[in-house]
1. Just going by the charge dipole of the chain, with Lys and Arg at +1 and Asp and Glu at -1 on Cβ, which of PRO128, ALA46, PRO195 is farthest out on the positive end?
2. State to the nearest 20 debye the size of the charge dipole of the chain about its Cα centre, where the only charges are +1 on K and R beta carbons and -1 on D and E beta carbons.
3. Compute, for region 195-275, the length of the dipole vector about the Cα centre, with Cβ point charges of +1 (Lys, Arg) and -1 (Asp, Glu) only. Units Debye, rounded to 20.
4. Ranking LEU228, LEU258 by Cβ neighbours within 10 Å, fewest first, what do you get?
5. Under unit Cβ charges (Lys, Arg +1; Asp, Glu -1), what dipole magnitude, rounded to 20 debye, does region 1-55 have relative to its Cα centre?
6. Kindly identify region 85-145 as rounded, prolate or oblate by the Cα gyration tensor criterion: order the square roots of the eigenvalues as a ≥ b ≥ c, call it rounded if a/c is under 1.5, otherwise compare a/b with b/c, prolate if a/b is larger, else oblate.
7. Could you give the length gained by full extension between ALA129 and ALA113, i.e. 0.36 nm per residue of separation minus their alpha carbon distance, to one decimal place?
8. Going by a ≥ b ≥ c, the root eigenvalues of the Cα gyration tensor, does region 7-114 fall in the rounded group (a/c under 1.5), the prolate group (a/b larger than b/c) or the oblate group?
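Each value in this text was obtained by applying a stated rule to the coordinates, not by laboratory testing. It should be emphasised that the depicted structure is a prediction, and the values quoted were computed from it without experimental measurement. Here the Cβ is made from the backbone with ideal geometry for all residues, glycine too, and neighbour counts use every protein chain on show.
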Amino acid sequence: VTGEGPRPPRYLDALLADFARPGAPRHNHLGHWDDPDAAQPGSHRAAQDRMVEVVADLAGIGAEHVVVDVGCGFAGTLAWLARQGRARSLVGIDVDGRQLAADRALCAGLPGAPALVQGDGSQLPLGPATVDRVLAIEVLWHLPSRAGFFRDVRRVLRPGGRVAVVDLLLVADAADRAGVEPAALAAELREGFDPWPEVGATLDDVLATADAAGLRLVGHVDATEATLPTYHDHGDADERPGAAAFSSSSSVARFVSLQHEGLLRIHYLAFELAA
Ligand SMILES: C[S@@+](CC[C@H](N)C(=O)[O-])C[C@H]1O[C@@H](n2cnc3c(N)ncnc32)[C@H](O)[C@@H]1O
């Protein structure tokens, strides 16, 4: 994607080579531990699958559904859903052609051979009322606007359809409580995670935005605690040199400390379009 349109997050440049390694995990999201205090070494991959399972359940995904994964990345969610036989058909959309190119061989070999389309999450390349379920796992923070995303999701969903998202949201007074100026905090986070246009958006903002698009909240999990073991030492830094280098940046350190302090919260949200 070129010009003024949305562009992939810069941190992907450092991660592409990690994901290209044979046998590399395909999820590029936090893990979810039902009992975070009992998280064991080596449980990271299973915990990433578990996040997909919790979110898919929140979306009520079933074998009869046309499912679209927005910001599908390295196709980990598509692969999990396809292998579980959880959908009638699957489509992955991402703004990043490099990841989609790396996904083609995997998807061709999966049950149902999920389709892959390059596009922007707030202008979905899909017809009106064609989709039963939409997922967007750790993607909304990168989009030009959440309002654009929810408006377009409403357009593509069939009546009774659902969208489930994993969103990363600061609490309203995060900067104050962290002892930094809001603008400085935004700049520090964007240094590592850009694009993050709506860095100051809160949970209430997201709920109001979805509501304004005609989407009714039907499920909410605050997974801030459940995802914290993601930052334990999983002993696999050698296999993921790009991720290890990225994780040593001050931006990531700030992100992790905000989450530990409860100032950055991880929300799973499911919304329904009235039947
Ligand atoms: C943190 S990764 C999550 C990937 C995947 N959902 C997962 O859980 O493994 C964020 C993803 O959002 C994609 N993305 C960023 N901006 C986007 C946009 N405007 N439209 C579609 N995808 C976008 C990135 O390319 C990347 O694949």
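1. PRO128
2. Dipole about the Cα centre, nearest 20: 1040 debye.
3. 120
4. LEU228, LEU258
5. Dipole magnitude for region 1-55 comes out near 300 debye.
6. In terms of gyration-tensor shape, oblate.
7. Details: separation 16, 0.36 × 16 = 5.76 nm, distance 2.21 nm.
The ALA129-ALA113 span can extend by a further 3.6 nm.
8. Since a/c reaches 1.5 but b/c is at least a/b, the shape of region 7-114 is classed as oblate.
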